[in-house]
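Quick note: the coordinates plus some simple rules give every number you see, no bench work behind them. All values reported here derive from a predicted model rather than from experimental measurement. No Cβ is skipped: glycine too gets one built from the backbone with ideal geometry, and neighbour counts run over all protein chains shown.
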Amino acid sequence: MTTFHMFRGLLPMFLLVATAAADVTSENDPRLKRWLQRFPAADANRDGVLTEAEARDFRNRQQQQRRRTENRLPEPTHADVAYGPHQRNVLDVWLAESDEPTPLLIYIHGGGFVGGNKRGFSTAILKACQDSGISVAAIHYRFVSTDPFPAPQQDAARAVQFLRSKATDWNLDPQRVAAFGGSAGAGLSLWLGFHDDLADPDSNDPVARQSSRLVAVGSRGGQSSYDPRVIKDWVGGRAHEHPSIYKCYDVASLDALDDPKLQPLYDEVSAITHLTADDPPVWMLYSEPNAPLPADARPGQGIHHPVFGLKLKAAMDELGIENVYRHTSEFRGDRDADMVQFFRRHLLGGGRSAAGS
């Protein structure tokens, strides 16, 4: 879920029109206080107080950014290419011009595993990659509303394998493949980065014989675990009650999530459970406050909490794996450019080989 969609969902109409109470701020309005906690970047002058005007301006900026990024990408070199049998098993690819095989960066969209679109990343990322000689792909995957876990994970792996199978046709370097995404797409990218290679060298399917491994991962608000009990322990509040959780595990109630028979599935779909010392570097960004959730937290609030990144960072540090942790409250500069620079370093600068590792 994008910041714009979250903010729009929280912003009632009274913020969209000027009011007589011009001095209403986060210091005397609990709603503005909650929004400041959740969206610290809305505090434009960084004085620790969110005004109605700042809230409106933030919403407008997010809306403008959404308009710039949504459906404004140039036409792909190849559009809606099927990589599997389901109608959502399709991808787009923008090939960089090069005489030599190019590295590939794959975008995986967010949307709580129930929505989202492969055209949801920014034109700035696409242009920066192509100017550097990096090709870009973007994928759709099955939603849990029809196909619960681990269907999205399986689709993401299949897409990577399919793209590797097109290396010769599309002038791609199968040794240099990375992925990034936001929210659900970040979780899938992390899962791909850490999961054992799903290549089946004995398969009759040439796609299935390809590696599913990556050389680098980018995560924006990503969940390093999808185990509801881990989420409850790490984040607190009602984050583990996110509306998608029932569909992800095809259950009807929270009580059903306590079934021990689900533990192997929780472990399978959670990226951090697969982390080993030979896994690729990660760039991660979080925007929610690094603080306990409020007492009146809603179901699902905190599902992008920085603790997901901090727990992952601690585990990666212990294993000696490179990782870059960013928080928007401390970030300086262009976030897209910072992430692209990370990928340039690992896709163009002689980074580790993933295929077959």
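Per-structure values
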{"quantity": "Stretch gain in nm, segment Asp131-Lys232, where the contour uses 0.36 nm per residue and the Cα spacing is subtracted", "calculated": "32.1 nm"}
{"quantity": "Relative packing of peptides 337-344, 325-332, 207-214, 47-54 - highest average C-beta neighbours within 10 Å first", "calculated": "207-214, 337-344, 47-54, 325-332"}
{"quantity": "Peptides 23-32, 258-267, 162-171, 178-187 ordered by average Cβ neighbours within 10 Å, highest first", "calculated": "178-187, 162-171, 23-32, 258-267"}
{"quantity": "Segment 56-214, dipole about Cα centre (Lys/Arg Cβ +1, Asp/Glu Cβ -1), debye to the nearest 20", "calculated": "960 debye"}
{"quantity": "Considering only the chain, percent of DSSP beta bridges that pair antiparallel, nearest 5", "calculated": "25 percent"}
{"quantity": "Rough spin-label spacing in nm, given labels placed 7 Å along Cα→Cβ, for Ser145 and Gln37", "calculated": "3.0 nm"}
{"quantity": "Asp200-Ser253 FRET efficiency (beta carbon distance; Förster radius 41 Å; 0.05 resolution)", "calculated": "0.65"}
{"quantity": "Size of electric dipole in the chain: Cβ of Lys, Arg +1 and of Asp, Glu -1, about Cα centre, debye, nearest 20", "calculated": "860 debye"}
{"quantity": "Neighbour-count ranking [beta-carbon atoms within 10 angstrom, fewest first] of Lys232, Lys247", "calculated": "Lys232, Lys247"}
{"quantity": "The chain - mean residue ellipticity at 222 nm from DSSP helices (-39,500 (n - 2.57) per run, n ≥ 4, rounded to 500)", "calculated": "-10000 deg cm²/dmol"}
{"quantity": "Dipole of segment 218-357, positive end: most advanced residue of Leu347, Pro264, Met316 [Cβ charges, Cα centre]", "calculated": "Leu347"}
{"quantity": "Förster radius 56 Å - calculated FRET efficiency between Asp23 and Glu322, Cβ distance, rounded to 0.05", "calculated": "0.75"}
{"quantity": "Segment 207-345, dipole about Cα centre (Lys/Arg Cβ +1, Asp/Glu Cβ -1), debye to the nearest 20", "calculated": "420 debye"}
{"quantity": "Links that overshoot a 31 Å alpha carbon limit, given the list Lys33/Lys118; Lys166/Lys247; Lys166/Lys232; Lys261/Lys313", "calculated": "Lys33/Lys118; Lys166/Lys247; Lys166/Lys232"}
{"quantity": "Structure-derived Rg and Dmax of the Cα atoms in Å: which label, when the choices are (i) 20.4, 72; (ii) 20.2, 62; (iii) 19.7, 66", "calculated": "(i)"}
